[in-house]
Each structure stands twice: as structure tokens, then as C-alpha cells.
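The values are calculated or read from the model by the stated rules, or taken from the named source; none is laboratory data. Worth saying up front: this structure is predicted, and the values here are computed from it rather than measured. Every residue, glycine among them, receives a Cβ derived from its backbone with ideal geometry; neighbour counts consider all protein chains shown. Ligands, DNA and RNA are stripped out before the accessible areas are found, and what is left, the full protein with its side chains, is counted by its heavy atoms. Shrake-Rupley method; radii C 1.70, N 1.55, O 1.52, S 1.80 Å.
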Amino acid sequence: MDTSKRFKSNGGCPSIQCLVNREVLCQEPAQGVTTAAHRVEKRGATPCLFGQGGTCCRNCNMGPCQIIEGVEEMIGICGATASTVAARNFARIVAAGTASHSDHARETVLAFIATAKGETPYEIKDTLKLRRMAAWLGIDPAEKDIQQLALEVGETALAEFGKQEGSLHFIRRAPQKRQEIWQELGVVPRGIDREVVETMHRTHMGVDQDFRHIFRQAARCALADGWGGSMLATELQDIMFGTPVPIRTVVNLGVLKEDMVNITVHGHEPVLAEALAMAAQDPEIIAEAKKVGAKGINLAGICCTGNEILMRRGIPIAGSFVQQEIALTTGAVEAMVVDVQCVMQSLPEIARCFHTEVITTSDRAEIVGATHVPFDHHRALEVAKDIVRRAIARFPKRGKVYIPKAKMDVVAGFSHETILYIQGGRFRASYKPLNDNIINGRILGVAAIVGCDNFRIQDEVHVELAKELIANNVLVLTTGCAATGLGRAGLLSPEAAELAGEGLREVLEAVGCPPVLHMGSCVDNSRILIAATEMVRTGGLGEDISDLPAIGCAPQWMSEKAIAIGQYFVASGASVVFGPTFPTTKSQEATDHLFKEMEEIYGARWFLAKEAKDFASIMIDQIRQKRKALGLDK
Ligand code: XCC
Ligand code: SF4
């Protein structure tokens with residue numbers, strides 16, 4: 001079958017709301033190309049019903065069984081009830097999400113160890129953080145040279161994956177009261193891999209069949225993500241590539257350049273992107289680009305790889321998840337280099353309509369139709385240069401190009417350390433100014449808008465929601481593709497402070513901050529855990545994360561990782577609102593557990609909302625309730 005036909009045949013100008021995406025798809029180079037936007041349009045708004053609501057089970061070959069709660073004969077052949085099946089499916093989503101963040105972390109740790117041994121082009125950049133992390137990992141940093149200490153940190157970090165007993169080291173970074181809750185419940189994660197494996201085992205046919213007990217393991221597994229895999233990824237990446245500091249850059253498809261070799265880096269692991277950034281600056285490589293008529297190499301990010309290099313290097317982001325195919329339809333991309341996660345299988349097929357090469361690099365992820373250039377951190381620069389050269393070779397083959405003008409200035413780089421620093425400089429840095437402003441009511445509370453964007457949702461729900469929150473004096477933190485969307489809308493620039501309510505605006509203008517703080521990629525949600533913990537530790541806002549006037553949300557969640565993040569936030573005491581659908585809704589009991597019982601157990605719960613205004617009202621209401629409980633408001 002000529003697959004290029006399949007993708008070239010229909011296409012046309014889809015009726016999507018996002019203006020820049022539509023603009024590109026309606027231009028000549030994109031004519032005839034089919035993207036997810038077209039597929040959604042063709043199939044209508046309703047996705048396939050199988051599995052929706054979480055009560056379909058295909059965990060054994062007596063099934064699949066579709067279970068309808070309340071209908072007595074509608075239980076599984078094995079007797080499984082709707083709540084058991086919903087809990088099992090939910091736990092498996094969490095396990096997949098945890099596995100993804102953590103396998104990324106494993107790759108980081110391996111590169112980190114190799115770097116400590118001097119076997120990669122990377123360095124140990126943040127030695128202060130190295131020492132701090134050493135202490136959290138139970139290593140005495142005194143009198144060790146940097147390479148030696150880094151090696152010990154790397155090896156201890158690696159052991160976190162295979163540990164069978166005890167608890168993950170970073171668990172001790174949580175507020176004391178939170179740790180006690182986890183101890184009592186028996187949800188302290190032992191080893192990262194163990195929690196994922198045990199979750200898969202317990203959800204196999206005929207093992208764990210009490211839905212509450214399954215949900216408890218889902219919490220333990222998720223905590224192994226938030227305080228384990230994700231946190232290790234963030235911290236070791238920071239040590240190796242630099243802890244982010246405020247940085248100005250631009251986002252949106254307009255960052256692609258007509259006169260340069262455009263390489264988009266897509267996926268999640270910064271080890272590859274960092275090497276490409278080095279290669280793109282190599283004078284020899286730039287000379288080669290000039291030889292084919294380009295002015296140089298333009299690197300641009302997609303998805304969370306984009307967030308990683310945006311945060312640390314200020315490299316522009318071309319697009320979020322929903323823009324990956326659209327970036328190719330500009331006709332201006334010579335190579336799209338991908339590693340793992342959130343990479344659409346349609347990319348090579350779309351690339352065939354252009355001169356673009358899609359290059360897979362991870363040994364864990366190949367795509368039919370893409371070129372595989374295996375990445376190895378030991379040969380990082382060599383591989384990166386090879387990839388850049390492949391892109392240069394494509395440049396002369398470019399056909400018609402349409403690059404939209406749309407791009408927006410953003411200020412990113414708000415790591416927990418940066419937030420600390422801007423509150424008092426190097427010597428008086430603490431979260432006290434933030435806490436004080438929450439206590440005196442200038443800031444109502446803190447909200448996180450995180451996670452994916454999604455072809456099923458046409459509205460700019462992130463943007464509308466963020467505007468509503470800041471207008472109500474809620475400081476907004478953001479990560480992932482949500483951050484890119486908020487950046488496109490101009491909310492990551494200090495000028496957007498004028499959209500904030502009076503109290504928040506005053507605070508922001510004093511420090512020159514945007515009203516929405518970009519904290520990084522999705523593994524960097526661990527930065528939010530640390531920031532929340534720091535707010536607790538600073539005092540005046542209760543003794544645990546669950547006391548804080550703070551709440552998270554993922555209004556357009558798409559990937560399994562998002563559910564793992566939601567579950568670790570809730571288990572850590574921070575409520576979350578997800579939407580527009582939720583994976584357990586066909587079981588009342590299972591949903592009640594997540595939406596009610598978890599509040600009693602963990603002091604936080606899940607919410608479901610659809611529209612921006614519903615998200616906003618739940619979040620503001622929750623923040624108000626916490627303020628009341630703290631005695632800040634009547
Ligand atoms: Fe993927 Fe991280 Fe979601 Fe974006 S936000 S669609 S997970 S790239 Ni993580
Ligand atoms: Fe059906 Fe039970 Fe098998 Fe699931 S495990 S498919 S509910 S018989």
C-alpha cells in the first residue's frame with residue numbers, strides 16, 4: 001500500500017479553533033496533508049466508547065468483560081466488580097505513567113554516572129545542588145572532590161530503582177506530617193521499579209481485588225514517581241545541565257526560520273537535546289550549513305524536550321504536543337529528532353509529503369518510516385553532529401514553505417531555587433515573602449496548571465483559566481505543554497502582570513515576575529512538590545501540604561503520565577482538578593474513593609471539570625476553604 005497517499009489524500013483546512021495551527025494547515029504547503037486535527041474532525045467529538053469510564057476489563061482471556069455497575073449480572077466472568085476493574089485500570093495507568101517518568105530518570109542517571117567518570121561531553125555544572133542532593137541521598141559531601149561525589153550520587157540514585165525494601169531517599173524531603181501519614185497508610189515507596197512491577201502484578205487477573213487496597217498501591221506507585229523517578233530526573237538534570245534561572249525567549253511556530261536549517265527536538269530526555277545544542281553551535285557545522293545556502297542551524301523544541309532546553313538554554317519552543325504535526329506542515333523543518341513519549345506515529349508519514357527526515361534516537365522507541373540514529377551518551381556529540389549533518393543535507397531539497405508570524409516573548413526558568421532567590425537574594429532567600437503575601441491576602445493562593453494539550457479539546461481552556469485565576473489574585477505555576485500554551489497567549493511575560501488582580505499585581509511588579517511561572521517539563525512537577533514543602537516549612541500556612549491554599553489541575557490531560565502526576569499530588573496532600581473526562585467515572589464506588597475518601601485519608605482529592613469557568617470556580621473555592629481553615633479569612 002502506498003501509505004503516502006493515505007496521508008496526502010484528504011487533508012484540507014480543518015475547523016480547529018487555535019488560530020495559528022489553522023493558519024498553517026490552510027496554507028499551500030499543508031494542502032492534502034492529514035493530521036490529528038483532521039482525524040478528530042472526521043470522527044466527531046465522541047471518542048471510541050470501549051473502556052470509557054474505566055469498567056471494561058481485558059486482563060484475561062475469559063473476557064474482555066464490560067461491566068455495568070448496578071446491573072447484577074454485569075460482573076466479570078471471574079466475578080470482578082466495576083469498582084475492582086476501575087481501580088485496576090486506574091492503577092495500571094499510574095504504573096505506566098510512573099514507568100515513563102522513571103525510565104527517563106534512569107537514562108538521566110546513567111548519563112550522570114558516565115559524566116562523573118568523564119565519559120560524556122556534559123559537566124557537573126551545579127556543584128551546590130550536587131552537595132545538597134548528596135546530603136538527601138545520605139552521602140556525606142565533606143572532603144570529596146566533585147567527580148567522586150557525583151559518582152557516589154549517581155550510584156546511589158541508580159540504586160533507588162532496584163531497591164526492594166526500606167524507602168526512597170527523597171521521601172524524607174516531604175513535610176514531617178506527610179511522611180507520618182504515608183507511614184501509617186503503608187504507602188511509602190520502597191524502590192521505583194518495585195512499585196511499578198508490584199502494581200502490574202496486583203492488577204493481574206485474580207490478585208488484589210479490594211478496590212481501596214488497589215488504590216492504595218496506586219498511591220504508593222505514584223509517590224515513587226513524584227518523590228522518586230521524576231524528582232531524580234529533575235535534580236540530576238539540573239546538576240548536569242544547570243539549574244534554571246530566569247531566561248527570556250520565544251515560543252510558537254513562528255520561531256522556525258526561513259533562512260536556516262530547522263531542527264525540531266521532540267520528546268522528553270534533555271541528554272539528547274543538550275548534545276544537539278552543542279553541535280548546533282559548532283563552527284565547523286555552521287560552516288557546512290552555510291555551504292548549502294543556510295545562515296546557520298536553528299534548533300527549536302517540541303513538547304517537554306522543548307521545555308527542558310527552554311528552561312536551561314533559552315532555546316525557543318516551536319510547539320506543544322498538538323503542534324508537532326503542524327510544525328512539519330510548514331515545510332520548513334529539515335529534521336524532527338525524537339526520543340521518547342508523546343511522539344505521534346503519524347510524523348514520518350507527514351514528513352514524506354515534505355523534505356523532512358524524522359529521526360528516532362532512543363533504543364526504546366523506533367517508528368516505521370523514520371530513520372533510526374541510536375543515541376549514546378558516551379558518543380553524544382558525535383551522534384548529535386551526525387544528526388545535524390543529516391538535516392543540513394535536507395535543506396537544499398526544501399519545497400514550498402509557510403512559516404506563520406506568530407511567536408511570543410516569554411520569561412521562563414522558575415526553578416524552586418529561582419523562586420527562592422527572587423524572594424530576597426542570595427543571603428536572605430526564603431519563601432517568607434510569598435507566605436507573608438498569602439497571609440496578608442495580597443495573594444489568595446497558588447494554583448498549578450500542568451499537563452498536556454489534547455486534540456479533543458478545542459477551547460483555549462488553559463488560557464481562560466489562567467486569566468481567571470490571576471484576576472482573582474491566585475499565583476499560577478505551570479509545566480509541560482500547558483506552559484507552552486500559556487506562553488503562546490502571552491501569560492509568561494512580566495507585562496501580563498497587568499491582567500492580575502490588584503494584590504497579586506503589586507507583588508509581581510515589585511519583583512518583575514510574570515503572573516504565570518514556568519517551572520519546566522513534566523518531570524519538573526517535582527519542583528512543585530518541593531516548593532509546596534518549602535512553603536510549609538517556612539511557617540504560617542499550616543503543617544502539611546494539605547493545609548496550603550494551593551491546588552493543581554490538568555484541564556487537557558492526554559497521557560498516562562498525567563494521571564500518575566495527579567495521583568502523587570493528591571497523595572502528597574494537594575488536590576487536583578482534571579478534565580474533561582476521568583478514567584473511573586463508570587464506577588461510582590471507585591470514583592467516590594478518589595473524589596471523597598481520599599480527602600479523609602490524604603487531606604486532598606480529585607475533582608472533575610470540563611469548562612474553564614468550572615475549573616476556576618472549583619480551584620478558587622478550594623483555595624478559599626483552605627484559607628478559612630488556616631484562620632486567614634473569615
Ligand atoms: Fe506529553 Fe511532556 Fe503531556 Fe506534553 S505535557 S503532552 S505528557 S509532552 Ni508532559
Ligand atoms: Fe473478565 Fe475477570 Fe478476565 Fe477481567 S479478569 S477479563 S473481568 S474474567
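The sum of -39500 (n - 2.57) across all DSSP H runs of n ≥ 4, divided by the residue count of the chain, sets its helix-only mean residue ellipticity at 222 nm to -14000 deg cm²/dmol. When the charge dipole of segment 54-194 is built from unit charges on Cβ atoms (+1 for Lys and Arg, -1 for Asp and Glu) and taken about the Cα centre, the candidate among Gly54, Leu149, Phe90 whose Cα reaches farthest toward its positive end is Leu149.
Estimate the FRET efficiency between Ala393 and Gln281 by the formula 1/(1 + (r/R0)^6), using the beta-carbon distance for r and 25 Å for R0, to the nearest 0.05.
On the way: r = 19 Å, r/R0 = 0.77.
Efficiency, rounded to the nearest 0.05: 0.85.
Beyond 26 Å, the tail of the calculated P(r) for segment 58-241 holds 41 percent of the Cα pairs.
Please work out whether the chain counts as rounded, prolate or oblate from its C-alpha gyration tensor, where a ≥ b ≥ c are the square roots of the eigenvalues and a/c under 1.5 means rounded, while otherwise a/b larger than b/c means prolate and anything else oblate? Note, shape of the chain comes out rounded. Taking Cα centre as origin and charging only the Cβ of basic (Lys, Arg, +1) and acidic (Asp, Glu, -1) residues, the dipole magnitude of segment 476-543 rounds to 260 debye.
Working from label points 7 Å from Cα in the Cα-to-Cβ sense, the Lys610 to Leu381 distance is 5.6 nm. Available extension along the chain between Ser617 and Thr538 is 25.6 nm, counting 0.36 nm per residue and deducting the alpha carbon span.
Counting only Cβ charges, +1 for Lys and Arg and -1 for Asp and Glu, the dipole size of segment 58-241 around its Cα centre is about 260 debye.
Let me make sure I get this right: for segment 335-392, a, b and c are the square roots of the gyration tensor eigenvalues over alpha carbons, sorted descending. Under 1.5 in a/c it's rounded, otherwise prolate if a/b > b/c, else oblate. Which is it?
On the way: a/c = 2.68, a/b = 1.34, b/c = 2.00.
Oblate shape, in that a/c is at least 1.5 and b/c is the bigger or equal ratio.
For the chain, a crude dipole built from +1 on the beta carbon of Lys and Arg and -1 on the beta carbon of Asp and Glu, taken about the Cα centre, is about 980 debye to the nearest 20.
Mind giving me the FRET efficiency for Gln179 and Lys628? R0 is 35 Å, r the Cβ-Cβ distance, nearest 0.05 is fine. Please list the in-between numbers first.
Details: r = 26 Å, r/R0 = 0.75.
Between Gln179 and Lys628 the formula returns 0.85.
Specify whether the C-alpha gyration tensor of segment 253-397 places it in the rounded, prolate or oblate class, a ≥ b ≥ c being the square roots of the eigenvalues: rounded for a/c under 1.5, otherwise prolate if a/b is larger than b/c and oblate if not. Here segment 253-397 falls in the rounded category.
Distant-in-sequence amide contacts of Glu357, defined by a placed amide H-H separation under 5 Å and a gap of 5 or more residues or a different chain, comprise Ala335, Met336. With the whole protein complex present, Tyr421 retains an accessible surface near 130 Å², based on a 1.4 Å probe. Taking 20 Å as the straight-line reach from the Cα of Lys117, the lysines in range (excluding those fewer than 8 positions away in the same chain) are Lys125, Lys129, Lys144. The alpha-carbon of Lys397 sits under 14 angstrom from the alpha-carbons of these aspartates and glutamates, leaving out residues fewer than 8 places away in its chain: Glu258, Asp259, Glu334, Glu357. Taking the Cβ-Cβ separation of Arg212 and Cys48 as r and a Förster radius of 35 Å, what is the calculated FRET efficiency to the nearest 0.05? Efficiency, rounded to the nearest 0.05: 0.75.
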